[in-house]
Amino acid sequence: MCAKHMPCGKIDFRAFCIWLAAAALLGSLLTYAYFAFTLSSHGPFDIGGNQVRLVTDRDYFPAVTGLINSANTSVRMMMYDMRFYFSYPKSSVNRVVESMEGALGRGVDVKIITSRKATSRDVLVTIDARNMSIRYDSTNTTSGANFIIIDSKIVIIGSSHLEHYSFEANREANVIIYSEALARQMETYFEKAWVEYE
């Protein structure tokens, strides 16, 4: 049965192209909305009784500074690459270092382990000057892990480094895990490295 406005066997090619373009656009918008919703840092999700929150790309900075600023007892950071930019004092990276300094000022126990190979001299000088406890990996072991432990309860772990490109340009994926059991395991791992690098 043919539609009244269209002769049998003929297709209105222009109308078909418009319909096809509209369907493709709608499909693209729905796909974008799905990934924006599921992959953004809106969580947390409940996994095995623990809350887990995905933090990607530009969402890492506000998530990390928020958690460091709310720390009450301890911050443990192991970071392969750390930077401090004297030429850009208000950079996101510098503000994370300032958040750690603020935590230290509140009486929070702050310890940092970083790679001697990757970390810039500027950040080493800055952290030393601000009286934060920092240790560098040994010449035969590289600290390639990137994680932060807050108050022995929260673990932030993933690909992000404390440097400009991680914060402002790269594709990065991290998770925040609200789990005292995992935080304790990570602290044990951290403290073992802390003693080893003394």
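Tabulated data
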| read-out | value |
| --- | --- |
| Estimated dipole of the range 78-198 in Debye, rounded to 20 [Cβ of Lys and Arg +1, of Asp and Glu -1, Cα centre] | 160 debye |
| Ranking of SER159, SER87 by count of other Cβ atoms within 10 Å, fewest first | SER87, SER159 |
| The range 62-89 residues near the modelled ASN50 label - backbone nitrogen below 19 Å, point 7 Å along Cα→Cβ | 64, 67-68, 74-79 |
| Dipole of the range 57-198, positive direction: furthest Cα of THR141, ASN131, LEU104, with charges on the beta-carbon | ASN131 |
| Shape box of the range 43-196 [Cα atoms, principal axes, largest first, Å] | 42, 34, 33 |
| Cα pair distances of the range 72-114 binned at 10 Å [whole percent] | 28, 51, 21, 0 |
| Residue exposure sequence - PHE190, PHE86 - by fewest surrounding Cβ within 10 Å | PHE86, PHE190 |
| Kirkwood hydrodynamic radius (C-alpha pairs) into Stokes-Einstein, the range 59-134, 10 °C and 1.306 mPa s, D in µm²/s | 127 µm²/s |
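Here, each number is a calculation from the coordinates, and none is a lab measurement. Computed from a predicted model, the values in this text were never measured in an experiment. Every residue, glycine as well, gets a Cβ built from its backbone with ideal geometry; the counts of neighbours run over all protein chains shown.
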